[in-house]
Amino acid sequence: MSAWTPILEGGSAARAVCVVNRIYADVTEALDKSTHPAGDLSLAIGLAGLALFEAYRARCLGLHDDLVRQRLAEAIADCDPNIDDVSLFHGASGLALVVALSQRLADGTVDASPFCTEVDAVLMDALAHADWHCRAELFRGLAGIGIYALERRSESLLTEVKLRLRDIAYEDEAGPRWLTDSSYATPPYGLEGLYVNLGMPHGIWPPIAVVGATLLKHEPEIERRFFDLALSWALSQQGHGVGSQFPLTLPSIGSEDGPLAWCYGDLGIGSVLVAIGTALGRSDLTMRGADIALRVATWPTKFADPCLCHGSAGTAHLFNRLFHSTGDERFLAASRQWFRATLNVCHADRPVAGLSFFRRQHWTPDLSYLRGASGVALALLGAIGATAPDWDAPLCLSFRDQARTSTATACVPAKR
């Protein structure tokens, strides 16, 4: 499909708009009352994630709200970019990505702010001197910096990221892959030591995606071969899962079904394969990813949490992305089903739209991007609007070089 189109109609679309606006009102109220966690500027749980929500909402609904982005700009002006944490979801590259992506959503230009330039220099230094052993991952590692570099179209950053990814890859006759250290990133279900993670936050798929996306730049054959071998090894794990097609980790825990979510399991893997295939123009990868995801498209909506990371809104958005990438209406039906499940727990007349999220054995309100209400609102905006949801670039679901050109038309709910 060549253009992004709304998939929710009538009353569902109108309800989604009300929910989105209630969540935004609560975000601004929280900032006015300084109830948001002090000093947290991160993409995952802090001010940057809220600013990304505001930017996409303004673009979609034809609004000019910029309170959150102004607050973020003020915080950035007071911070030192020479900070220890350069990661995507918790550090400087995530902040800079939101600045750049917000500018692109606003006027279609690539941001050239002094802050992004300063962060680029900090990242180059970190790539050259930091210890990246077992840190290929998306959240706090090399793949996350690669996602930022793709948004910036920075050849120098991408070159360094790829070099480090090759340096730290574990290779044998089976092919290259990346190991995760449980002391650095807690694996699911209590595994210890070094292991292979097949999820999205801490796993092998984002490094593969970053290496693959750079092949658009006419890389030499050695780069293509490394990508093909890493991808081949990852795909060879299909059929070894319990309940799902892919195991969550190697060694496998062997006792849990993979979740229907972005973070772990077949839906996230299928979605990133379709994104890579779309970016590279490789129909074989797009078809392989779609086939993997179709196996779970008819799973029942066992509602547990509405968040992007592992909840119903994220599941609905992934199926929406798959529909727009493939045109397969089975993904459309699945997406609508999961959006209905999400809307069923939303109440626009209540704080945070009535949403609660499961944290540390308790249900609690949360306004954040990855595991809170702002992420839910972003998914809903992607379902009612006609602007491609490039806010999902940090999730490896879209890539800067293949971003659709935004139009000046505001997103409006679809009519029956």
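The values are calculated or read from the model by the stated rules, or taken from the named source; none is laboratory data. These numbers were taken from a predicted model, which means no experiment stands behind them. The area values use the complete protein model at the heavy-atom level, side chains included, leaving out ligands, DNA and RNA. Shrake-Rupley method; radii C 1.70, N 1.55, O 1.52, S 1.80 Å.
The listed residues 299, 233 rank as 299, 233 when sorted by accessible area, largest first, using a 1.4 Å probe.
When Rg and Dmax are taken over the Cα atoms of the range 273-393, they come to 14.8, 47 Å. Computed over the alpha carbons of the chain, Rg followed by Dmax gives 19.8, 59 Å.
Against the compact-protein benchmark of 2.2 N^0.38 Å, the Cα-based radius of gyration of the range 251-322 scales to 1.12.
Leaving out ligands, DNA and RNA, what percent of the accessible area of the range 84-129 is carbon and sulfur, probe 1.4 Å? Carbon plus sulfur share of accessible area: 57 percent.
When the chain is treated as a GNM with alpha-carbon contacts under 10 Å, the residue of 320, 344, 21 showing the greatest mean-square fluctuation is 344.
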